[in-house]
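A short reminder: the numbers here are calculations on the coordinates, not readings from a lab. These numbers come from a predicted model, not from an experiment. As a convention, Cβ positions derive from the backbone with ideal geometry for all residues, glycine included, and neighbour counts pool all protein chains shown.
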Amino acid sequence: MNVQITRIDNSQKELFFNLYNLYLYDLSEFSGEELLEEGKYDPTNTYLYLERAELHPFFILYDGKVIGFVLVCSPPYVDDDVDYTIQELFLVKKYRGQGLAAQAVNLVFAQFQGRFKVEQLANNLSAVSFWKKYYEQHHIEYIESEYSIEIENVAGSHRILSQAFVRA
């Protein structure tokens, strides 16, 4: 399986935003987010990934075809006790369950070393399961915590699972 990650640049903005909308669609099952009037989800500050050097957006490619993305953040967009977060990880459904996301994460860890934090909505059981399996398979020891957040324009609070670990 030929998986690569390539940095997303401004010329690929439309493709990135289209995929991000698909990601928000998938996530809406767990977040409860509603469509905007024009039939899309609110991308909030996603454009910043294309403008800020501290934000690291990558397309995930399989055999040269874009199949998703992974978004990595570094200071000042992370908590003081971490160097990086994997903020979002998305594959279109056709490519899930084949080990491709794990390969993409491996490529991220090959580029970024240090203290990481990864978070999931607790009710997104497939995301939680993916990360727990990844940690187990790669012998990553992590500290897990849980907290609740409010999501702008979405009713109620949402439980977040957060794992902190070091990649050297």
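For the stretch 3-167, the tally of Lys pairs with Cα-Cα distances below 18 Å comes to 6, considering only residues 8 or more apart or on different chains. Convex hull volume per residue, computed on the Cα atoms of the stretch 41-168, equals 130 Å³. Extension gain for Val166 to Tyr25 (0.36 nm times residue separation, less C-alpha to C-alpha distance): 47.6 nm.
Our note on the geometry: Cα centres of the stretch 79-101 and the stretch 11-55, 15 Å apart. Entry note, the stretch 3-167: relative contact order of 20 percent, from Cα contacts under 8 Å with a spacing of 6+ residues. Between Glu54 and Tyr135, how high is the FRET efficiency from 1/(1 + (r/R0)^6) when r is the Cβ-Cβ distance and R₀ = 30 Å? Nearest 0.05. The value I calculate is 0.75. Tell me the label-point distance for the pair Ala110, Lys93, using the 7 Å Cα-to-Cβ offset, in nm and rounded to one decimal. Modelled inter-label distance: 3.1 nm. Each Lys and Arg contributes +1 and each Asp and Glu -1, all at the Cβ; summed about the Cα centre of the stretch 34-168, the dipole is approximately 740 debye.
Averaging 1/r over every pair of different alpha carbons in the stretch 1-105 and inverting the result gives a Kirkwood radius of 14.5 Å. By other beta-carbon atoms within 10 Å, ranking Asp80, Asp26, Asp9 with the fewest at the front produces Asp80, Asp9, Asp26.
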